[in-house]
Amino acid sequence: MTDHARDQAKAQLESIQEMVRALDAENDGEREKAELRIQEDAWKVAVRADWHQPGEGGAYDEYMILLCTGGPACRIKGALSANAPMSAIIEYQNWGAPWEKYPISGEEEETLLRYAQQFYFES
């Protein structure tokens with residue numbers, strides 16, 4: 001079953017690469033379509049903050065973009081700095097299994113970051 005989940009992560013990464021390439025379109029209308037396609041692609045976008053004293057507003061430290069659910073599920077996670085993505089990994093899981101990191105290259109991480117940067121992470 002894990003192979004199926006890993007295959008889903010690979011398929012999601014390939015789809016993201018295609019969407020990010022479309023952001024480089026020379027035509028403004030095509031770029032806007034690419035941005036909208038990415039924003040509509042995510043199943044859920046969430047953020048969380050680190051520990052801080054009650055009453056002190058803490059900035060968000062991490063983000064998560066859920067790409068698909070079920071068996072298998074796939075998500076992008078990373079660190080935020082000033083509400084902007086600074087890192088990105090892609091993870092996958094099957095029903096009842098822990099999340100596993102999908103291996104990516106530096107270039108693929110840059111692609112995931114560019115994808116994640118199309119979302120709004122401020123409070």
Next item on the list: For segment 32-74, name all the residues that are over 15 Å from the mean Cα position of the chain (by Cα), modelled with pLDDT under 90 and not hydrophobic (A, V, I, L, M, F, W, C).
Entry: 50, 52, 53, 54, 55, 56, 57, 58, 60, 70, 71
Checklist line | Search result, residues across segment 68-86 that are in a strand (DSSP E or B) and aliphatic (A, V, I, L, M) | finding: 73, 76, 79, 80, 84
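If we keep just the residues of segment 24-37 that are surrounded by fewer than 18 Cβ atoms within 10 Å (Cβ to Cβ) and of a type in the set (A, V, I, L, M, F, W, C), which is nearest to residue 93 (Cα to Cα)?
Of segment 24-37, the ones surrounded by fewer than 18 Cβ atoms within 10 Å (Cβ to Cβ) are 24-33, 35-37.
So of that shortlist, the ones also of a type in the set (A, V, I, L, M, F, W, C) come out as 25, 36.
Details: 25: 33, 36: 27 Å.
Step by step, filter segment 24-37, then rank; the result is 36.
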Next item on the list: Could you check residue 11 against (1) in a strand (DSSP E or B); (2) surrounded by fewer than 18 Cβ atoms within 10 Å (Cβ to Cβ); (3) of a type in the set (Gly, Ala, Ser) and say which number it fails?
Entry: (1)
Checklist line | Set 65, 90, 38, 104: member being touching a Cys at 6+ places or on another chain (Cβ under 8 Å) and either β-branched (Val, Ile, Thr) or assigned to a helix (DSSP H, G or I) (or both) | finding: 90
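The values are calculated or read from the model by the stated rules, or taken from the named source; none is laboratory data. Keep in mind the model is a prediction, meaning the values are calculated, not measured. Every residue, glycine among them, receives a Cβ derived from its backbone with ideal geometry; neighbour counts consider all protein chains shown.
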